[in-house]
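What follows is calculated from the coordinates using simple rules that are stated; it is not laboratory data. Not measured: the values here are computed from a predicted model. Positions of Cβ are generated from backbone atoms using ideal geometry, with glycine treated the same way; all protein chains shown enter the neighbour counts.
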Amino acid sequence: MKRLFQSVLMMLLIVSGVTAQETMRVETKTFHNPDFPFDREIFICTPKYYDEHNQSEVDVIYVFDSQMRSHFGFTYSILEAHQMPDEDFMPFIVVGIPSPNTEEYCRTNDFLPVPTNVKYESNYYGNYENFKKFLREDVMPYINSNYRTSGHTLAIGHSLSASFILNALSSEEMFDDYIALSPNFMEDNNKFAENFLNYDFANSEPRFLFLTMSNESDETGWGPEWRPAWDLVKTTIESAELPEKIKIFFKEYPEHNHMSGYTQSLMDILPLYAMYRHGTHFRNSEKYPVHIELECPWAEGDVFITGNQAEVATWNPQGVKMNKVGDNTYSIDLNVQLPLEIKFTQGSWDNQIIPRNAYPGNLRIFNPEKSVKHYVAP
C-alpha cells in the first residue's frame with residue numbers, strides 16, 4: 001500500500017511539474033581576461049531536471065575546440081541519448097571551451113607552448129601557460145562556484161586540443177579523466193609524446209583515458225612523424241605494467257579521416273565512460289563526516305540507510321537504522337569514504353524510499369565540502 005501511495009505521488013509530481021527543467025539548458029558566460037586580446041566565452045549545458053534534483057552533485061566534462069559547436073552539442077546529445085532517467089542516472093554538466101581562429105590569434109596559441117626542440121616560423125603559439133591559467137583560475141572556479149559540481153572532471157580534446165589536455169595531465173593533473181581523439185604527439189620533435197610517457201601513472205589517482213587515431217599518416221598527408229609518434233606512445237603504454245586503478249584504452253579508426261573519427265569515437269566511448277563513472281572509485285582510504293536527513297511523510301516504523309561500504313551495511317536493505325528526529329524526518333551522521341552511494345529502505349528492497357529531489361538510482365555524495373544532504377520523499 002505504501003509503495004502504491006508513493007507511486008501515485010510520483011506520477012502526480014511528474015504530471016503537475018509544468019515548471020520542471022525537462023530538457024537540457026545551455027547558457028553562455030563571458031570572461032574579460034587581460035591575458036587575451038579579446039573576451040572569451042564558454043558554453044555550459046546542465047542536464048535535464050538539474051534544478052529539481054538539488055541534492056545531487058554532477059561531474060563536469062570540458063569539451064575543447066567548441067568553436068565548432070557540433071563538438072559541444074554532440075557530446076551532451078550522446079550523453080542524453082544513452083541514459084534513461086528512470087534508471088541509475090549519472091548526469092553530467094558539459095562545458096564548451098572555444099578557441100578563436102583569426103588572423104591575430106589562432107587556436108594553436110592556446111594549445112602550443114613555447115617549443116624547446118624546434119623553432120617555429122609562425123607566431124601562432126606560446127599563450128599555452130596563460131590559457132591553462134585561464135582555465136585553472138577563471139573557468140573552473142566559476143563552474144564550481146555557480147553549479148553543483150561533484151569535483152570530478154573529464155576533458156575531451158581533438159587533434160591539438162587532445163595534445164593540450166594530455167600535456168595538462170603531465171604538467172599539473174588539471175583534469176581527472178581524458179578522452180584524446182587523434183592527438184598530435186609529434187609536436188616539438190615528439191616532446192608531447194615524451195611528456196605523456198614520463199607521467200607517473202604508478203602514483204596517480206584513479207584515472208580513465210581513451211586515446212584514438214583515425215587514418216592520419218604520411219600517406220594521407222599528415223607527415224612522416226605523425227604516425228610513428230602515436231605508435232611510440234601506444235606500444236610503450238600497452239607494454240607497461242599499470243596499476244588496476246588506471247584504465248587506458250587505445251582504439252584506431254582507419255576507415256575514418258581526421259574529422260569523421262571524432263563523431264564515431266565519441267559515440268563509442270561516452271556511453272562506456274558513463275558506465276565507468278557509475279562504479280565506485282574511492283580516491284583514497286581517508287574518511288569524511290557526512291550528515292544525511294530524509295524527510296518522508298508517509299514512512300511507518302524504522303527507516304534504514306544502506307550503501308557501497310561497511311559503514312552503511314554494504315547494500316544490505318536492512319542496513320543502518322536512522323534516527324527519527326521529527327514526525328517526518330530521519331537523520332544520521334557517518335564517517336565514510338567518498339564517493340558514498342546510498343539508498344533508503346524500510347527493511348527490504350520492496351520498500352525503498354526514493355527521494356524526489358535527487359537523480360534516481362544510487363544517491364551519491366562525492367565532495368567533502370558538500371556532505372550535508374536533506375532528501376525529501378514524495
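Run the numbers for Asp35 and Thr235: contour at 0.36 nm per residue of separation, minus the present Cα-Cα distance, in nm.
68.1 nm
In nm, give the distance between the simple-model label positions of His291 and Asn144, each being 7 Å from the Cα along the Cα-to-Cβ direction.
Rounded to a tenth, the inter-label distance reads 2.3 nm.
Report the extension gain between Asn101 and Glu173 in nm, rounded to one decimal, defined as 0.36 nm multiplied by the number of residues separating them, less their alpha carbon distance.
Here the segment from Asn101 to Glu173 would lengthen by 23.2 nm.
Can you run phi through the Karplus equation (6.51, -1.76, 1.60; θ = phi - 60°) for segment 47-55 and list ³J(HN,Hα) in whole Hz, with x for Gly and Pro?
Taking θ as phi minus 60°, the curve returns x, 4, 6, 4, 5, 6, 8, 7, 9 Hz for segment 47-55.
State whether segment 123-186 is rounded, prolate or oblate according to the following rule on the C-alpha gyration tensor (a ≥ b ≥ c being the square roots of its eigenvalues): a/c under 1.5 gives rounded; otherwise a/b larger than b/c gives prolate, and the remaining case gives oblate.
oblate
What aspartates and glutamates could a cross-link reach from Lys119, if we take a straight Cα to Cα line under 15 Å and drop same-chain neighbours fewer than 8 places away?
Glu187, Asp188
Taking amide H positions as placed 1.01 Å from N in the peptide plane, with prolines and chain starts having none, which residues 5 or more places from Thr149, or on another chain, fall under 5 Å of its amide H?
Excluding prolines and chain starts, which carry no amide H, the hits are Val58.
Just order 127-134, 352-359, 368-375 by mean Cβ neighbour count inside 10 Å, highest at the front, would you?
352-359, 127-134, 368-375
Considering amide H positions built from the backbone, and no H for Pro or chain starts, which residues 5 or more places from Val336, or on another chain, come under 5 Å of its amide H?
Counting only residues 5 or more places away or on other chains, the set is Tyr288, Val290.
Using only alpha carbon positions, build the gyration tensor of the chain, then give the equivalent ellipsoid semi-axes as the square roots of 5 times its eigenvalues, largest first, whole angstrom.
So the equivalent ellipsoid measures 43, 22, 19 Å along its semi-axes.
Taking the highest mean first, how do the peptides 204-215, 152-163, 289-300, 321-332 order by number of other beta carbon atoms within 10 angstrom per residue? Please report the intermediate quantities before stating the final value.
Details: 204-215: 19.9, 152-163: 24.5, 289-300: 16.8, 321-332: 14.8.
Going by the mean number of other Cβ atoms within 10 Å, highest first, we get 152-163, 204-215, 289-300, 321-332.
What ranking do 223-232, 141-150, 276-285, 39-48 get when scored by the average of other Cβ atoms within 10 Å per residue, highest first? Please report the intermediate quantities before stating the final value.
Values: 223-232: 17.0, 141-150: 15.4, 276-285: 13.9, 39-48: 19.2.
Descending packing order for the listed peptides: 39-48, 223-232, 141-150, 276-285.
Would you mind telling me the antiparallel percentage of the DSSP bridges in the chain, rounded to 5?
50 percent
Find the centroid of the Cα atoms in segment 181-254 and in segment 319-357, then give the distance between the two in whole Å.
44 Å
Pull up the cross-link candidates among the lysines for Lys370, meaning alpha carbon to alpha carbon under 19 Å and not fewer than 8 places away within one chain.
Answer for Lys370, where 19 Å is the Cα cut-off: Lys287, Lys343, listed by chain and number.
Given a cut-off of under 8 Å on Cα pairs at least six residues apart, what relative contact order in percent is computed for the chain?
15 percent
Quick one: if you stick a label point 7 Å off each Cα along the C-beta vector at Leu272 and Phe249, how many nm between them?
Placing both labels 7 Å along Cα→Cβ, they lie 0.2 nm apart.
Calculate the FRET efficiency for Asp200 and Glu27 from the Cβ-Cβ distance with a Förster distance of 41 Å, rounded to the nearest 0.05.
Details: r = 37 Å, r/R0 = 0.91.
According to the calculation, E is roughly 0.65.
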